[in-house]
Amino acid sequence: MLKKLLPLLLAVAFGAQAMADEADIKKAMESKLGTKVESVTKSGYLGLYEVFADGNIVYTDEKGTAILVGPLIDGKTMKNVTEERMKKLTAIKFGELPLERAIKQVRGDGKRVMATFEDPNCGYCKRLAKELQKLDNVTIYTFLLPILSEDSVRKSRQIWCSPDRAKTWNDWMIDGKAPAGREDCDTSALSKNQEFGRKLNITGTPTMFFGDGERVPGAMPLARIEQKLGQVR
C-alpha cells in the first residue's frame, strides 16, 4: 500500500511546493512592478517563470533577482514563445462580447465574424476601415472606443445617435464626411465600452478579436485578416 501511495504523496508535495513558489513570486513581482499580477507559471526555459501583468509578459527567476523583458525564443524551433503565450493569455470568448453595444455590419452570408474596438479619430482605424470594405461573407462588430480626445467622444456620440450607425461610421472613416447629427440619445453604451476596454486592457486602437477569441492589437494587413477569418470555423 505504501509503495502505491508514495508516488502520489510525492506528487502532491511537489505540487504544493510549486504553488507556494508561484504565490511567493506573484506577491514579490506585484511589489516590484507596482501592479496586479494575473498569473505566474513556469516557462519551461532556464528555470524562468512567466509573469503576466498589465497585459504584458515578463520573466523572472524563482528569487526575483532579475526581470527579463522581451520575446522568449525557442532555440530549437525558433518559435516566439512569448507571442504564442500572449495569444492564449489575452484571448476571450467571442460570444461573451457585449455585441449589442457595437455597430453591426453584415456582408454576404455573414458567416465569418470579427470585432474591432476603434476610435473615430484614429488614423490606423481609418486605414483599417477602408481595408475591411474589401471583405465579403463577414459580420463585423465595431465597438466605439473614444480614448484619444474629447472630439472623439463627441463624434462617437453623433455616430451612435444617428439613424444608420454603420453608414455614418463609414461616411466618416472612409469618405471623411463628419457626423453632424444629434448626440443627446442614450450613449451609455460608449461609457460601458470604455469600462469594458479597461477590463480587457485595451490601450490602443484598433484592437481586433476573431471568432476563436484571438486578440490582435493594432492594424493588420487585409491578407492576414482573410487568412485568420478562413482559419476560424
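The values are calculated or read from the model by the stated rules, or taken from the named source; none is laboratory data. This is a predicted model, so every value here is computed, not measured. So basically every Cβ, Gly included, is an ideal-geometry build from the backbone, and we count neighbours across all protein chains shown.
Structure above, values below:
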read-out: Candidate set from region 47-96 (those that are touching a helix residue (DSSP H, G or I) at 6+ places or on another chain (Cβ under 7 Å) and hydroxyl-bearing (Ser, Thr, Tyr)); member that is surrounded by the fewest Cβ atoms within 10 Å (Cβ to Cβ); value: TYR49
read-out: Within region 42-59, tally of residues that are touching a Leu at 6+ places or on another chain (Cβ under 7 Å) and assigned to a strand (DSSP E or B); value: 4
read-out: Criterion violated by GLY110 - all others in (1) of a type in the set (Gly, Ala, Ser); (2) touching a strand residue (DSSP E or B) at 6+ places or on another chain (Cβ under 7 Å); (3) in contact (Cβ under 8 Å) with a residue 60 or more places away in the chain; (4) on the phi > 0 side of the Ramachandran plot satisfied; value: (3)
read-out: Any hit, region 110-133, residues being in contact with a Leu (Cβ under 7 Å, 6 or more places away or on another chain), modelled with pLDDT of 95 or more, surrounded by 14 or more Cβ atoms within 10 Å (Cβ to Cβ) and basic (Lys, Arg); value: yes
read-out: Boolean, LEU145 is surrounded by fewer than 22 Cβ atoms within 10 Å (Cβ to Cβ) and either among the aliphatic types (A, V, I, L, M) or free of Cβ contacts under 8 Å to residues at least 12 places away in the same chain (or both); value: no
read-out: Among the candidates ARG85, ARG101, residue that is among the basic types (Lys, Arg), under 18 Å from the mean Cα position of the chain (by Cα), under 28 Å from GLN194 (Cβ atoms) and outside the structural domain of GLY218 (by TED's automatic domain parsing); value: ARG85
read-out: Unique residue being more than 27 Å from ARG112 (Cα to Cα), of a type in the set (Val, Ile, Thr) and at pLDDT 95 or above when the list is THR168, THR139, THR187; value: THR187
read-out: Single match in ASN170, ASN137 (criterion: exposed (fewer than 15 other Cβ atoms within 10 Å of the Cβ) and either outside the structural domain of PHE196 (by TED's automatic domain parsing) or not charged (D, E, K, R) (or both)); value: ASN137
